[in-house]
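Undergrad: The structure is given below, and queries will be raised subsequently.
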Amino acid sequence: MREKARLAATLIVIVLVIIAVVIGAFYVLFPAPDPRFEGIPTIYPYANDNAGALSPGYVEWIDEICYSVDAQTSCEIAVLVVNTTQPHDISYFALRTFQKNGIGNKGVDNGVLIVVATEDGTWKVEVGYGLMGILTGARVTNLVNTYFIPYYDAGNLDDGLVDLTTAIGDIIINEYTGDTSGSPAYPISGIPLEWWQWFLILAAIGVGGVLTRGRIFIPLIWIIQLMSRGGGKFGGGRSGGGGGRGRL
């Protein structure tokens, strides 16, 4: 009887520990929403056109520019087009978007966020702490006036954003002297993946490995080496409101 009681007590403890671990993991993986980020979008991958304002192919083009800068310098540029930032002004909206997405790498804060609100007629370039020395407010404003505003005034948002992103990227590539280690934010250009998506892929690979007795891993190793580029999210950089803003 004592042995059965000990076994039952052990099982109860194990079950309680498992429940505690599951509950703890749930709160870690799915934390309560932060009220500061209510209504603030997730950027995924580098460029998002939430207003439907860009012509076909331009989001992918801007993604490629941002990826190239990321691959060469580890600096992360994100671009976001929205209809409006209301009820927030564009400075608050851009700062919270930057913070929510963690643009730039943790510890070096080498991120840039370009936001354009088409209906509001406003723009903001949010610059992380690690890039404020080369992307000052005055320089950012000059870049926008030179590379973006003329296109925008001519009704060409597409090329304006491409040229502005390219100009900022060129400055970073040529002048950034911070830490350049680390993989790009997104693993395969145009195919961003979250952790849970990678989990499902790895689970499927595991099942395939069992069914094929490991033979599936031979081509997979080659494919992973060829295509793998990063972790599927931005690096956790910070910004304190640096950069420039203005009206269109």
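Read the figures in this text as sums done on the coordinates, not as results from a lab. Everything numeric here is computed off the predicted structure, so don't read it as measured data. Quick reminder, even Gly has a Cβ in these numbers, built from the backbone with ideal geometry, and neighbours come from all protein chains shown.
Undergrad: Highest mean first, what order results for 54-60, 44-50 on Cβ atoms within 10 Å?
TA: 44-50, 54-60
Undergrad: Could you tell me the relative contact order of segment 71-126? Use alpha-carbon pairs under 8 Å, at least six residues apart, and round to a whole percent.
TA: Relative contact order, segment 71-126: 46 percent.
Undergrad: On the principal axes of its Cα set, how long, how wide and how thick is segment 49-112? Give whole Å, largest value first.
TA: Its Cα atoms span 34, 30, 12 Å along the three principal axes.
Undergrad: Hey, another quick one. First select every other residue whose beta carbon is under 10 angstrom from the beta carbon of residue 112; then total the charges, Lys and Arg +1, Asp and Glu -1.
TA: -2
Undergrad: Starting from the Cα of residue 136, step 7 Å toward the Cβ, then list every residue of segment 165-181 with an amide N under 18 Å from that point.
TA: Zone members listed by number: 168, 171-172, 175-177.
Undergrad: Could I ask something else about it? Extent of segment 93-164 along each principal axis, from alpha carbon coordinates, in Å, largest to smallest?
TA: Here the spans come out as 40, 24, 17 Å, largest first.
Undergrad: Could you calculate the contour length gain from residue 248 to residue 119, that is, 0.36 nm times the residue separation minus the distance between their Cα atoms, to one decimal place in nm?
TA: Extending this stretch completely gives an extra 45.4 nm.
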